[in-house]
Amino acid sequence: MTEFERKTDIGPPHYEQFLPPIIKKNYGKWDHHEIIRPGIMVHVGESGDKLFTVRAGTPRLLAITTIRQFADLADKYCDGYLRWTSRNNVEFLLTDESKIDSLVKDVEKLGFPVGGTGNQISSIVHTQGWVHCHSSASDASGVVKAVMDELFPYFTGEKPLPAKMRVAYACCLNMCGAVHCSDIAILGVHTSVPVINHADLPKMCEIPTLVASCPTGAIRPATVDGKPSVEIEQATVHVLR
């Protein structure tokens with residue numbers, strides 16, 4: 001039995017079975033890559049094979065209907081292959097250069113911009129914010145949308161930058177996002193202890209998970225009016241400027 005025939009629920013499947021055939025063929029044998037225009041790259045193998053990438057920005061939090069639309073485009077143009085980057089871009093991988101313009105039109109028709117390569121800003125990587133996080137000090141998606149609206153020309157290539165630009169957002173000082181390895185970091189900061197609705201908290205939150213989410217131990221389990229809840233220790237926050 002080969003590693004690809006292994007049947008088990010322990011550990012992830014071997015990554016190689018998800019690679020496009022052209023990547024398997026040229027794995028470790030790429031000669032160079034070029035950026036053809038904003039959002040479109042080509043990787044050239046030592047064999048002369050060419051792999052084209054069309055990169056589009058996404059808002060990170062996607063409905064399953066949108067993912068299915070991306071999958072349909074991948075089936076139509078890319079033999080079913082696409083990938084997501086760590087900064088929330090979606091990349092379509094294709095070998096037929098003649099299909100690029102049609103793919104770009106269909107991606108933009110869905111409302112997603114093509115860009116983010118080379119000396120441009122990439123999509124802003126961010127944390128969950130109020131959508132899912134138990135301890136966020138601020139929203140994430142809304143702030144990132146507002147910031148990216150202003151920086152949009154730097155993503156599409158309308159306004160070139162002198163170098164690559166990476167922005168990240170974390171909705172509290174836990175800094176779950178890639179703010180430590182970005183050029184510009186935006187952080188949400190708790191300036192006062194959050195108000196706790198002790199009556200509703202047990203119905204809306206997993207208390208052990210909430211307690212475990214605080215790296216300083218400032219959130220502790222407590223019983224209030226006979227109901228399980230939490231208490232938060234007041235702390236002084238020093239912000240470095």
(message) Exactly one condition in (1) of a type outside the set (S, T, Y); (2) under 23 Å from the mean Cα position of the chain (by Cα); (3) part of a strand (DSSP E or B) is false for P221; which is it?
(response) (2)
(request) From (1) at pLDDT below 95; (2) under 22 Å from V167 (Cα atoms); (3) not in a loop (DSSP other than H, G, I, E, B), pick out the condition that doesn't hold for Q17. (result) (2)
(message) Of the conditions (1) more than 25 Å from G177 (Cβ to Cβ); (2) basic (K, R); (3) touching a residue at least 60 places away in the same chain (Cβ under 8 Å), K29 satisfies every one except a single condition; which number is it?
(response) (3)
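So, R60, is that one of a type outside the set (F, W, Y) and modelled with pLDDT of 95 or more or not? Give the derivation first.
Details: of a type outside the set (F, W, Y): yes; modelled with pLDDT of 95 or more: no.
So R60 does not fit the description; no.
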(request) Return yes or no: is V104 within 30 Å of I219 (Cβ to Cβ) and among the β-branched types (V, I, T)? (result) no
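Only residues that are under 30 Å from T191 (Cα atoms), in contact (Cβ under 8 Å) with a residue 60 or more places away in the chain and hydrophobic (A, V, I, L, M, F, W, C): list them for segment 153-174, please.
Let us first name the residues in segment 153-174 that are under 30 Å from T191 (Cα atoms), namely 165-174.
Narrowing the set further to residues that are in contact (Cβ under 8 Å) with a residue 60 or more places away in the chain leaves 166, 173.
Selection gives L173 alone.
Run down C176, C181 and say which single residue is modelled with pLDDT under 90, exposed (fewer than 12 other Cβ atoms within 10 Å of the Cβ) and within 30 Å of G118 (Cα to Cα). First the steps, then the outcome.
Details: C176 fails: exposed (fewer than 12 other Cβ atoms within 10 Å of the Cβ).
Checking each option against the conditions leaves just C181.
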(message) Quick test of your reading of the structure: S47 fulfils all but one of (1) touching a strand residue (DSSP E or B) at 6+ places or on another chain (Cβ under 8 Å); (2) among the hydroxyl-bearing types (S, T, Y); (3) closer than 18 Å to T95 by Cβ. Name the failing condition by number.
(response) (1)
(message) If L161 meets every condition in (1) in a loop (DSSP other than H, G, I, E, B); (2) farther than 21 Å from P59 by Cβ; (3) in contact with a Ser or Thr (Cβ under 7 Å, 6 or more places away or on another chain) apart from one, which number is that one?
(response) (3)
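Of all residues in segment 46-57, which are surrounded by fewer than 19 Cβ atoms within 10 Å (Cβ to Cβ) and not acidic (D, E)? Step through it out loud before you land on a result.
Looking only at segment 46-57, we keep the residues that are surrounded by fewer than 19 Cβ atoms within 10 Å (Cβ to Cβ), and these are 46-50.
If the condition is that a residue be surrounded by fewer than 19 Cβ atoms within 10 Å (Cβ to Cβ) and not acidic (D, E), then S47, G48, K50 are the ones that fit.
Of everything in segment 101-136, what is assigned to a helix (DSSP H, G or I) and either in the same structural domain as E206 (by the TED database) or crowded, with 22+ Cβ neighbours inside 10 Å (or both)? Give them in sequence order.
Taking segment 101-136 and keeping what is assigned to a helix (DSSP H, G or I), we get 101-109, 129-131.
Once the filter is applied, which keeps residues that are assigned to a helix (DSSP H, G or I) and either in the same structural domain as E206 (by the TED database) or crowded, with 22+ Cβ neighbours inside 10 Å (or both), segment 101-136 yields L103, V107, G129.
Can you find a residue in segment 184-192 that is open to solvent by 30 Å² or more (accessible area, probe 1.4 Å), part of a loop (DSSP other than H, G, I, E, B), among the polar types (S, T, N, Q) and in contact (Cβ under 8 Å) with a residue 24 or more places away in the chain? Lay out the reasoning, then the answer.
Taking segment 184-192 first, the residues open to solvent by 30 Å² or more (accessible area, probe 1.4 Å) are 184-187, 189-192.
Within this subset, residues satisfying the condition of being part of a loop (DSSP other than H, G, I, E, B) are 189-192.
If we keep only those that are among the polar types (S, T, N, Q) too, we end up with 191-192.
Next, only the ones that are in contact (Cβ under 8 Å) with a residue 24 or more places away in the chain stay: 191.
Checking segment 184-192: at least one residue is open to solvent by 30 Å² or more (accessible area, probe 1.4 Å), part of a loop (DSSP other than H, G, I, E, B), among the polar types (S, T, N, Q) and in contact (Cβ under 8 Å) with a residue 24 or more places away in the chain.
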(request) Only residues in segment 60-77 that are among the hydroxyl-bearing types (S, T, Y) count as the first member; pair them with residues that are surrounded by 14 or more Cβ atoms within 10 Å (Cβ to Cβ), Cβ under 7 angstrom, at least 6 apart or cross-chain, and list the lot. (result) Y77/F92; Y77/L94; Y77/K99; Y77/L103
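Condition first: in a helix (DSSP H, G or I) and open to solvent by less than 20 Å² (accessible area, probe 1.4 Å). Can you find one or more residues in segment 74-93 that meet it? Give the derivation first.
Of the residues in segment 74-93, the ones in a helix (DSSP H, G or I) are 74-77.
With the extra rule that they be open to solvent by less than 20 Å² (accessible area, probe 1.4 Å), the set shrinks to 74.
There is at least one residue in segment 74-93 that is in a helix (DSSP H, G or I) and open to solvent by less than 20 Å² (accessible area, probe 1.4 Å).
Would you mind finding the one in D149, D139 that is of a type in the set (D, E) and either part of a strand (DSSP E or B) or touching a helix residue (DSSP H, G or I) at 6+ places or on another chain (Cβ under 8 Å) (or both)?
Numbers: D149 fails: either part of a strand (DSSP E or B) or touching a helix residue (DSSP H, G or I) at 6+ places or on another chain (Cβ under 8 Å) (or both).
The unique qualifying residue is D139.
Return the total of residues in segment 193-203 being modelled with pLDDT of 85 or more and open to solvent by 80 Å² or more (accessible area, probe 1.4 Å).
Within segment 193-203, the subset modelled with pLDDT of 85 or more is 196-203.
Filter again for open to solvent by 80 Å² or more (accessible area, probe 1.4 Å), leaving 197, 203.
Residues that pass the stated criteria total 2.
The values are calculated or read from the model by the stated rules, or taken from the named source; none is laboratory data. These numbers were taken from a predicted model, which means no experiment stands behind them. Don't worry about glycine lacking a Cβ; one is built from the backbone with ideal geometry, like all the others, and counts go over all protein chains shown. Calculation scope for accessible area: heavy atoms of the full protein, side chains included, ligands and nucleic acids excluded. Shrake-Rupley method; radii C 1.70, N 1.55, O 1.52, S 1.80 Å.
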